[in-house]
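Derivation of every value follows stated rules applied to the coordinates shown; laboratory data play no part. Just so it is clear, the model here is predicted, and its values are computed rather than measured. Here the Cβ positions follow ideal geometry from the backbone for every residue, glycine too, while neighbour counts run over all protein chains shown.
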Amino acid sequence: MDATQRLDALLVPELAALKQRSLYRLRRLVAGPQGPELDVDGTSLLNFSSNDYLGLAADPRLAEAAKRGLDEYGLGSGAAHLVTGHSTAHHALEEELAAFCGRPRALLFSSGYLANLGIAGALLGRGDRVLEDRLNHASLLDAGLLSGARFARYAHCDTVSLRRELGGETGTALVMTDGVFSMDGDIAPLPALAQTAETAGAFLSVDDAHGFGVIGTGGRGSLEHHGMDIAAVPVYMATLGKACGSFGAFVAGSDALIETLIQQARTYIYTTATPPALAEATRAALKLVETETWRRDHLHVLIARFRAGAQQLGLRLMESTTPIQPILVGEPEQALALSQQLKAQGVLVAAIRPPTVPAGTARLRITLTAIHTEAHVDRLLSALAVAKP
């Protein structure tokens, strides 16, 4: 038996076990642009599984900006930001993101995962502590675990639990949390978390991937939603592939924070910069996030309509006022069966199973976008009425 065969002999039984437990994941083949209706594996489906919350991913104005960027810069950035990859387009986007967030500076990363790893790696080391919400995104959890700091998790959105974990120890402590939790759709109690961190001498870092552009009157995310002073959250991260319909991520904060990340964040130093044309598209998206407030207004209407209809059907909704509207099911096989029943009716809703969510909390993760209509929501509710558990 050669090396490939020996490796396969280890892997194949594990894959079979995943299938048996209804935890095996499959990719869908999508043709054409993102939108409320998708061509998925050759079938047209009404799509309620996208993070394109404001419906900008296929907006022609972003494509036009990207084309102008391609004409000016070509395709690839050619290198990491610290070598020759930091273009004037990247720099302009950083300045515009900083201004939008009300921070002195912003720094682009090639993905949110890399941004979180970079934050924890640059700010923490052995002897320090990192404390994380139990339901944080995997990128936050991995960032904490890989930082070398002592790692602890506190109960979901529970400041009493956080205070207990912080204890009376000294040394640098970083509290990392999602602003909006991607699988539950609830919003972190940031004012209380910030106060708890401040009292203990710790620092708060917020990953606002699902809040930036979506919540808050001006689309400035979970801090604006809470009416917070930005100084209470020294480290703010958000992604650009959701509400902005583009790609990448950024960290916003003080000059000292950004300079530290430039000097110390390995995921920034050793990663090729995203294409400059993408930065130009994101600049166009940011303007739309700020000016086209009807997108957020329409989302609020759709969220209220969906929740009212789902409650009439007796579905197990979670406490979410965001476009993420999960329906709790329980076991993986049940969630998969419901997702397949909806697909048979022409509606695409993802079944979310462990380890993405805790055991016993498999769910349908419904996401609404600004380019859905009320008729789309009614069609979803009709399909759920037939497929409901």
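Here are the numbers for this structure:
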{"item": "Label-reachable residues, the stretch 321-347, where backbone N falls under 18 Å from a point 7 Å from LEU23's Cα toward its Cβ", "result": "329-337"}
{"item": "Value of D in µm² per second that Stokes-Einstein yields for the stretch 1-155, Kirkwood Rh from Cα pairs, at 20 °C (1.002 mPa s)", "result": "105 µm²/s"}
{"item": "Alpha-carbon spread of the chain, three principal axes, descending order, Å", "result": "60, 56, 52"}
{"item": "Part-to-part distance (alpha-carbon centres) for the stretch 286-343 and the stretch 1-31, which is given in Å", "result": "32 Å"}
{"item": "Helix-only mean residue ellipticity at 222 nm for the chain, each DSSP H run of n ≥ 4 adding -39500 (n - 2.57), per residue, nearest 500", "result": "-13500 deg cm²/dmol"}
{"item": "Which of LEU131, VAL214, PHE181, positive extreme of dipole for the stretch 106-227 (C-beta unit charges)", "result": "LEU131"}
{"item": "Rg(Cα)/(2.2 N^0.38 Å) for the stretch 221-263, N = residue count", "result": "1.30"}
{"item": "Where labels lie 7 Å past Cα in the beta-carbon direction, separation of ALA31 and VAL83 in nm", "result": "3.9 nm"}
{"item": "Highest average packing first - 216-223, 368-375, Cβ atoms within 10 Å", "result": "216-223, 368-375"}
{"item": "Distance cut-off 24 Å, percentage of C-alpha pairs in the stretch 60-291 lying past it", "result": "41 percent"}
{"item": "Computed Kirkwood radius, in angstrom, where 1/r is averaged over Cα pairs of the stretch 1-88", "result": "17.9 Å"}
{"item": "Value in Å of the Kirkwood radius, where the stretch 66-144 supplies the Cα pairs that are averaged", "result": "15.0 Å"}
{"item": "Protection proxy ranking of 40-52, 156-168, 132-144 - average other beta-carbon atoms within 10 Å, highest first", "result": "132-144, 40-52, 156-168"}
{"item": "Full-extension gain in nm, ALA9 to GLU374, via 0.36 nm per residue minus C-alpha separation", "result": "126.3 nm"}
{"item": "Dimensions (Å) - the stretch 151-214, Cα atoms, principal axes, largest first", "result": "36, 20, 19"}
{"item": "Whole-Hz ³J(HN,Hα) from phi, Karplus 6.51 cos²θ - 1.76 cosθ + 1.60, for the stretch 273-281, glycine and proline x", "result": "5, 5, x, x, 4, 5, 4, 5, 5"}
{"item": "Whole-angstrom gap from the stretch 210-263 to the stretch 50-105, using each part's C-alpha centre", "result": "16 Å"}
{"item": "Sites LYS287 and LEU70 - FRET efficiency at Förster radius 22 Å, r taken between beta-carbons, to 0.05", "result": "0.70"}
{"item": "Sorted peptide list for 116-124, 349-357, criterion being average Cβ within 10 angstrom, highest first", "result": "116-124, 349-357"}
{"item": "Loop chymotrypsin sites (Phe, Trp or Tyr not before Pro), the stretch 72-162, which have at most 13 other Cβ atoms in a 10 Å radius of their Cβ (DSSP)", "result": "none"}
